[in-house]
Amino acid sequence: MKLILAIVSSDDSGVVSQALTKGGFSVTKLATTGGFLMSGNTTFIIGVNDDKVDEVIEIIGKHSKKRKQMVPSTASYGMGMYTSFPVEVTVGGATLFVLDVEQFQKL
């Protein structure tokens, strides 16, 4: 058995959740915040049999889209002067961790 932790953009979490549920997977959703852009994410916790891991990864990949976003950045020009300018970054997609489960019990 495996435990999949999938960190997905909040923009994609609804469709990912629906697709996983439609695929017959039980999912727990946690609202999380990323460290880089401090933007909202959803972390899915999914327990699956070993032979279903690829199917879960395929579903998440299909419904988690990368996109470009402009974010403010600051630069120092010496003497305490700062200016802000936009920088384009790639956001979205998904980050997955697949962990071995030593024991599973449903009480």
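Can you name the residue in the stretch 2-32 that is buried (at least 17 other Cβ atoms within 10 Å of the Cβ), among the β-branched types (Val, Ile, Thr) and within 11 Å of the chain's Cα centre (by Cα) and, of all such residues, is nearest to GLU55 (Cα to Cα)? Once the filter is applied, the top-ranked residue is VAL16.
Residue-wise test of (1) within 15 Å of ALA94 (Cα to Cα); (2) of a type in the set (Lys, Arg); (3) at pLDDT 95 or above; (4) not in a helix (DSSP H, G or I).
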residue: ALA19; (1), (2), (3), (4): yes, no, yes, no
residue: THR32; (1), (2), (3), (4): yes, no, no, yes
residue: PHE36; (1), (2), (3), (4): yes, no, no, yes
residue: ASN41; (1), (2), (3), (4): yes, no, no, yes
residue: ILE45; (1), (2), (3), (4): yes, no, yes, yes
residue: ASP51; (1), (2), (3), (4): no, no, yes, no
residue: VAL56; (1), (2), (3), (4): yes, no, yes, no
residue: LYS68; (1), (2), (3), (4): yes, yes, no, yes
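Listed by first and then second residue, the pairs with beta-carbon distance under 9 Å, at least 6 apart or on different chains, first residue in the stretch 84-107 and at positive phi, second at pLDDT below 80 and among the basic types (Lys, Arg), are GLY92/LYS66; GLY92/ARG67; GLY93/LYS66; GLY93/ARG67.
Across the stretch 37-53, what is the number of residues that are in contact (Cβ under 8 Å) with a residue 12 or more places away in the chain and loosely packed, with under 13 Cβ neighbours inside 10 Å?
Looking only at that region, the number is 3.
The values are calculated or read from the model by the stated rules, or taken from the named source; none is laboratory data. Keep in mind that this is a model prediction, so the values were computed, not measured. Glycine gets a Cβ as well: all are built from the backbone with ideal geometry, and neighbour counts include every protein chain shown.
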